[in-house]
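Single-structure report; data block below.
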Number of protein chains: 4
Amino acid sequence: MQIGLIGLGKMGGNMRERLRNAGHSVIGYDTNPGVSDVADLADLVQKLEAPRAVWVMVPAGAATQSAVDDLKELLSPGDIVVDGGNSRWTDDEKHADELGEHGIGFVDAGVSGGVWGLKNGYALMVGGEQEHVDRLEPVFDALKPEGPYGYVHAGKVGAGHFAKMVHNGIEYAMMQAYAEGWELLEKVDSVDNVREVFRSWQEGTVIRSWLLDLAVNALDEDQHLDKLRGCAADSGEGRWTVEAAIDNAVPLPAITASLFARFASRQEDSPQMKMIAALRNQFGGHAVESARR
Amino acid sequence: MQIGLIGLGKMGGNMRERLRNAGHSVIGYDTNPGVSDVADLADLVQKLEAPRAVWVMVPAGAATQSAVDDLKELLSPGDIVVDGGNSRWTDDEKHADELGEHGIGFVDAGVSGGVWGLKNGYALMVGGEQEHVDRLEPVFDALKPEGPYGYVHAGKVGAGHFAKMVHNGIEYAMMQAYAEGWELLEKVDSVDNVREVFRSWQEGTVIRSWLLDLAVNALDEDQHLDKLRGCAADSGEGRWTVEAAIDNAVPLPAITASLFARFASRQEDSPQMKMIAALRNQFGGHAVESARR
Amino acid sequence: MQIGLIGLGKMGGNMRERLRNAGHSVIGYDTNPGVSDVADLADLVQKLEAPRAVWVMVPAGAATQSAVDDLKELLSPGDIVVDGGNSRWTDDEKHADELGEHGIGFVDAGVSGGVWGLKNGYALMVGGEQEHVDRLEPVFDALKPEGPYGYVHAGKVGAGHFAKMVHNGIEYAMMQAYAEGWELLEKVDSVDNVREVFRSWQEGTVIRSWLLDLAVNALDEDQHLDKLRGCAADSGEGRWTVEAAIDNAVPLPAITASLFARFASRQEDSPQMKMIAALRNQFGGHAVESARR
Amino acid sequence: MQIGLIGLGKMGGNMRERLRNAGHSVIGYDTNPGVSDVADLADLVQKLEAPRAVWVMVPAGAATQSAVDDLKELLSPGDIVVDGGNSRWTDDEKHADELGEHGIGFVDAGVSGGVWGLKNGYALMVGGEQEHVDRLEPVFDALKPEGPYGYVHAGKVGAGHFAKMVHNGIEYAMMQAYAEGWELLEKVDSVDNVREVFRSWQEGTVIRSWLLDLAVNALDEDQHLDKLRGCAADSGEGRWTVEAAIDNAVPLPAITASLFARFASRQEDSPQMKMIAALRNQFGGHAVESARR
């Protein structure tokens, strides 16, 4: 089928390629004219035959909102917009309402796959009305991995991004699990070769996984990760997962611990531990270390 | 090769079968005469040709200690004992010393695989001297999964059980990760079908794993896990992992949170939350609930 | 000075009494005519001399918003509204803007003290412009405890509720600290009398505090808290504290653990632990317990 | 009464002074001859009249064990040894048995008070047989703070150190509570003066405490704690508290989080966060930071 694709960065560009490889007709737009197929959004919309489908693949927040704002003016009743970016699920209902006032359908799609997606396919978690989802099925089929898995119509508008957000929350805690285990193994003398322990776990164990495979890849490149600094960004979904849990009074101790570990990892010095040091000094006369200049 | 095997329970019985399928000669001993190949330990030792190898596969603690105590009297210099049970790594050096005084070698083997091991092979993490490990290689080869993974000589005596212990610690946090995500998804209205979300994750996602496959199996049997009580035992390794972390001043927030969640899950009522309720009542006049009778 | 007071519940009623005891003229309004000094809000405003000060002491959220909506129509430029309820700090700037468009000032006041405030005074954390805060000083003076402490002008609009919110976050973790210690002491055999241990801690220790005094009171009423169920509500500030921390990438492991412990305490059964039980059963054949009917 | 006191460091020296101020006859021994009243342990024992009481105030572990080993040879049946150091409670029963074989009594005393104890008194948590505890009552009376609190006979041998250990565990989490709150307040723009917020909390709030007073002292010396590094040691009791909790299957999320925060604070770089960074790089092509040289 024919589809418009807004945003041709690392993810969007690869998705265009995978869709074209599957025989779909993709018209891509990007603010970078070097990769864009059309001059502007109006041009994109004009080149698509009604009823149109436009996949938005731009950063969550202002950029996605801007695309929605533009598309609700440019598109026609019966068209559909897919938000495949990392939008917060709470934005989806708002976007669906804004577009719905113009008779335009809305589907949210959480997309997993990163740099491996072009080759292996992208896992898709989709939210929206059945009718809208059905019309996009050929596109989802082309993007998803081969085989029975990798795609779900999770529920109403917002359910796709919600499911993807929880996926990322789980991802945070799984990564933290391996990371904690790795640090402990590296610390003790009796274990000679932690990398080979990790490698051995790739078969027959309870903890074998794709992330474990990646860990082994990383250790093959840098056995003790000496080249890296122990600091990690977080991209929003982890935070939103914890916020959703708080809204729903669901305890998430492991996922939240994983998020907080990332926060702490980015601090040059820990303000809260300054207070701990100060208190110990006050009541016990315990020595404190001076701040590094 | 020929090997003696002490303990023919669920794990030991299956391991005997897998070893025999691979062409090894296994003489098994169990206190249950219905499954034992020999009358007693002395009989077992007598039937083995020197230098002997005896694999101990009995519960950690008293039963393993008892087997070590008996074997150090019955075996001869040059023989080797393998402890394949879930012993705490701190016991290994002690057992190695006790046997070593009699000229008997010792190897510790952490074994993963559970009920799936007979078919898929057992992941093995082994600690001990190179010479002892080398002599047991045919046995390890038969027990481990096919392919390049599933076996590692992790280091000195104790390293095998240490690596297996950390494996289990990681397992605790991975299970907790999926469990937290599942509860959150089940809680929100927009997501219609959490089981299908989990199923879809089996391909193309960052969090695909064998445990995820098992979660889908479980949800296929009981979609909302209505038949189960939310309470989980812990088998020692999780506790030991946290203790080892404390010994080594390694922070393990996610693994420890997972262990504590299990502790809490087994309490009929939470004493600490009684105190929270009592304090809220004291300072704020907040209502309290009476204990259930 | 003269002040209007909206909301004469447990907190507001006591505050009216404390203000009157200090010689202030308080005109109170409540939807319950049995305690109200005036018929309605218009009546309240009419009875106050300009420039007026009106203290709003109603539940956060809809009730507070409704009071702000009414007051911005009824009051005159130069008047001041104080929100002394448990509003989320993010509402304060909105309320200040809405009232500011009508020339009405706004001050937010976080109030601590609970049922003890009438006698001991209320700790006040105040946010707003210096000029507005200065005009309310006689009221703050009357409400606060005697002595040098118990009152702070914390910063701009919102700072008062933010400081009070963090106070409550700290409170959650302190309560959790005592509660965890109490449970552990109650669990071990060697300690005969945990209540007396707590009582002894009231002097000379690092952990003496008002909350500890309350814990002793509670244990004097019910030595092992047998009469209580271990379940605790949360009133919003704990959640907001964690959300503010996430917004600011500040790790709050102890406060968040305390919040999650309350969430878990209110669950009849733990969905996430059902998943843990299901996974253990899948890979290890571990027994599961059936849900209680 | 007359008492021998082994160990005249910061704690022991002050305790000697407080005991003498109360009219007791203290004979102190220290390896530092500059502060010791006697030449050696034999001299100490000889100068004491039977039945003797000897208070051991030396570092936990080897030093305390050595004192016990010496005293069991030097003392006579009917004498009593008090271990007032920070021994692990599991050592107490061992020491009681070793001394008991020689007819010598044993009492364990957890002591809190730090540098403030000389003036304010030391909180004492005592374990042992009633008869032994009774004989030492004059000494406990002199050391404890004035007033009804600050002393408890907590239970059997070991109960004193156990109660003191839990005290310290609670202390860890309380300090962490204030520290987390302080960091969050320092982070936001709306709050002008966090130190004054803390100061105001010293009266009328739920969270007023001696630790809060100390926090204000510390902020008065260094308003933003700029002079300190955010790193904190831990002295054993926090670790033991978590280990005791694990032994007893008691969840301690806040106390453990506080302990782990200290562990993390002492790491130059976080190995586990290197692994997180490596994994993010593997699956998402996310940028990593190089280790600092």
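The values are calculated or read from the model by the stated rules, or taken from the named source; none is laboratory data. Not measured: the values here are computed from a predicted model. Heads up, the Cβs are rebuilt from the backbone with ideal geometry, glycines too, and the neighbour counts pull from every protein chain shown. Surface accessibility is based on the protein's heavy atoms, side chains included, excluding ligands, DNA and RNA. Shrake-Rupley method; radii C 1.70, N 1.55, O 1.52, S 1.80 Å.
For the range B:157-170, enumerate the residues that are open to solvent by less than 10 Å² (accessible area, probe 1.4 Å) and either at positive phi or aliphatic (A, V, I, L, M) (or both).
If the condition is that a residue be open to solvent by less than 10 Å² (accessible area, probe 1.4 Å) and either at positive phi or aliphatic (A, V, I, L, M) (or both), then B:Gly158, B:Ala159, B:Ala163, B:Met165, B:Val166, B:Ile170 are the ones that fit.
Six or more apart or on different chains, Cβ under 9 Å: which pairs go from a residue in the range D:219-245 that's within 15 Å of A:Gln282 (Cβ to Cβ) to one that's assigned to a strand (DSSP E or B) and open to solvent by 50 Å² or more (accessible area, probe 1.4 Å)? Could you list them?
D:Lys227/A:Ser290; D:Leu228/A:Ser290
Matching residues to (1) in the same structural domain as C:Val115 (by TED's automatic domain parsing); (2) farther than 27 Å from A:Ser270 by Cβ; (3) among the acidic types (Asp, Glu):
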position: C:Ala179; (1), (2), (3): no, no, no
position: C:Arg208; (1), (2), (3): no, no, no
position: C:Asn217; (1), (2), (3): no, yes, no
position: C:Asp220; (1), (2), (3): no, yes, yes
position: C:Gln223; (1), (2), (3): no, yes, no
position: C:Asp247; (1), (2), (3): no, no, yes
position: C:Met273; (1), (2), (3): no, yes, no
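Name the one entry in A:Gly78, A:Gly105, A:Gly114 that is open to solvent by 10 Å² or more (accessible area, probe 1.4 Å) and either over 20 Å from the mean Cα position of the chain (by Cα) or over 26 Å from A:Arg18 (Cβ atoms) (or both).
A:Gly78
May I ask you to say which residue of B:Leu259, B:Leu212, B:Leu252 is buried (at least 20 other Cβ atoms within 10 Å of the Cβ), over 21 Å from D:Asn248 (Cβ atoms) and touching a helix residue (DSSP H, G or I) at 6+ places or on another chain (Cβ under 9 Å)?
Only one candidate qualifies: B:Leu212.
Out of all the residues in the range C:92-109, which are in contact with a helix residue (DSSP H, G or I) (Cβ under 7 Å, 6 or more places away or on another chain) and not in a strand (DSSP E or B)?
Correct list: C:Asp92, C:His95, C:Glu98, C:Leu99, C:His102, C:Ile104.
For the range C:1-41, give me each residue that is closer than 18 Å to C:Ala63 by Cα, surrounded by fewer than 22 Cβ atoms within 10 Å (Cβ to Cβ) and touching a helix residue (DSSP H, G or I) at 6+ places or on another chain (Cβ under 6 Å).
C:Leu41
Could you list, in sequence order, the residues of the range B:122-135 that are buried (at least 22 other Cβ atoms within 10 Å of the Cβ) and not β-branched (Val, Ile, Thr)?
Within the range B:122-135, B:Tyr122, B:Ala123, B:Leu124, B:Met125, B:Gly127, B:Gly128 meet the criteria.
Let me spell it out: the conditions are (1) under 20 Å from A:Ala277 (Cβ atoms); (2) surrounded by 20 or more Cβ atoms within 10 Å (Cβ to Cβ); (3) among the basic types (Lys, Arg), and D:Lys274 meets all of them except one. Which number is the exception?
All conditions are met except number (1).
For the range A:50-74, what are the residues that are out of contact with any strand residue (DSSP E or B) (no Cβ under 7 Å at 6 or more places or on another chain), buried (at least 16 other Cβ atoms within 10 Å of the Cβ) and part of a loop (DSSP other than H, G, I, E, B)?
A:Ala60
Kindly list, by first and then second residue, each pair from a residue in the range D:252-263 that is more than 7 Å from chain C (Cβ to nearest Cβ) to a residue that is open to solvent by less than 10 Å² (accessible area, probe 1.4 Å) and among the small types (Gly, Ala, Ser), limited to pairs with Cβ atoms under 6 Å and residues at least 6 apart or on different chains.
Listed pairs, sorted by first residue: D:Leu259/D:Gly238; D:Arg262/D:Ala232.
For the range C:228-261, how many residues are under 16 Å from D:Trp182 (Cβ atoms) and modelled with pLDDT under 95?
Selection size over the range C:228-261: 0.
Give me the residue from the range C:85-102 that is touching an Asp or Glu at 6+ places or on another chain (Cβ under 8 Å) and open to solvent by less than 10 Å² (accessible area, probe 1.4 Å) and, out of that set, farthest from C:Leu143 (Cα to Cα).
C:His95
Any residue at all in the range B:28-48 that is part of a strand (DSSP E or B), in contact with a Leu (Cβ under 7 Å, 6 or more places away or on another chain) and hydrophobic (A, V, I, L, M, F, W, C)?
No, the conditions are met nowhere in the range B:28-48.
Could you check, for the range B:110-133, whether at least one of its residues is part of a helix (DSSP H, G or I), in the same structural domain as B:Ala96 (by TED's automatic domain parsing), among the acidic types (Asp, Glu) and touching a residue at least 24 places away in the same chain (Cβ under 8 Å)?
yes
What do you reckon, is D:Leu214 within 11 Å of chain C (Cβ to nearest Cβ), of a type outside the set (Gly, Ala, Ser) and over 20 Å from C:Ser258 (Cα atoms)?
Considered against the rule, which asks whether it is within 11 Å of chain C (Cβ to nearest Cβ), of a type outside the set (Gly, Ala, Ser) and over 20 Å from C:Ser258 (Cα atoms), D:Leu214 comes out as yes.
So, restricting to helices (runs of 4 or more DSSP H) that lie completely within the range C:182-293, which ones have at least 3 residues that are of a type in the set (D, E, K, R)?
Because the criterion is at least 3 residues that are of a type in the set (D, E, K, R), the helices (runs of 4 or more DSSP H) in the range C:182-293 that meet it are C:194-200, C:210-221, C:237-247.
Just checking, does the range B:277-291 include any residue being assigned by TED's automatic domain parsing to the domain that holds B:Glu186 and among the hydroxyl-bearing types (Ser, Thr, Tyr)?
No.
Kindly check whether there is at least one residue in the range B:237-245 that is more than 16 Å from A:Ile170 (Cβ to Cβ), open to solvent by 10 Å² or more (accessible area, probe 1.4 Å), more than 7 Å from every other protein chain (Cβ to nearest Cβ) and among the acidic types (Asp, Glu).
No - not one qualifying residue is present in the range B:237-245.
This table checks each residue for (1) at pLDDT 95 or above; (2) farther than 17 Å from B:Ala142 by Cα; (3) of a type in the set (D, E, K, R); (4) not assigned by TED's automatic domain parsing to the domain that holds B:Ile80.
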| site | (1), (2), (3), (4) |
| --- | --- |
| B:Gly7 | yes, yes, no, no |
| B:Lys10 | no, yes, yes, no |
| B:Gly13 | yes, no, no, no |
| B:Glu17 | yes, no, yes, no |
| B:Arg20 | yes, no, yes, no |
| B:Val26 | yes, no, no, no |
| B:Asp37 | yes, yes, yes, no |
| B:Asp40 | yes, yes, yes, no |
| B:Asp43 | yes, yes, yes, no |
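Just to check your reading of the model, which residue among C:Ala179, C:Ala173 is open to solvent by less than 10 Å² (accessible area, probe 1.4 Å), more than 8 Å from chain D (Cβ to nearest Cβ) and either in contact with a Ser or Thr (Cβ under 7 Å, 6 or more places away or on another chain) or over 26 Å from C:Glu93 (Cα atoms) (or both)?
C:Ala179
Would you confirm, using the coordinates I've provided, whether C:Ala291 is in contact with a Pro (Cβ under 6 Å, 6 or more places away or on another chain) and at the interface with chain B (Cβ under 7 Å from one of its Cβ atoms)?
No; evaluated as a whole, the condition is false for this residue.
List the number of the failed condition for D:Ser190; all other conditions in (1) among the small types (Gly, Ala, Ser); (2) touching a residue at least 24 places away in the same chain (Cβ under 8 Å); (3) open to solvent by 10 Å² or more (accessible area, probe 1.4 Å) hold.
Against the list (1) among the small types (Gly, Ala, Ser); (2) touching a residue at least 24 places away in the same chain (Cβ under 8 Å); (3) open to solvent by 10 Å² or more (accessible area, probe 1.4 Å), D:Ser190 comes up short only on (2).
For B:Glu196, work out the one condition from (1) at the interface with chain A (Cβ under 7 Å from one of its Cβ atoms); (2) surrounded by 24 or more Cβ atoms within 10 Å (Cβ to Cβ); (3) in contact with a strand residue (DSSP E or B) (Cβ under 6 Å, 6 or more places away or on another chain) it doesn't fulfil.
Of (1) at the interface with chain A (Cβ under 7 Å from one of its Cβ atoms); (2) surrounded by 24 or more Cβ atoms within 10 Å (Cβ to Cβ); (3) in contact with a strand residue (DSSP E or B) (Cβ under 6 Å, 6 or more places away or on another chain), only one is false for B:Glu196: (2).
So which residues in the range B:137-149 are more than 7 Å from every other protein chain (Cβ to nearest Cβ) and buried (at least 22 other Cβ atoms within 10 Å of the Cβ)?
Result: B:Val139, B:Leu143.
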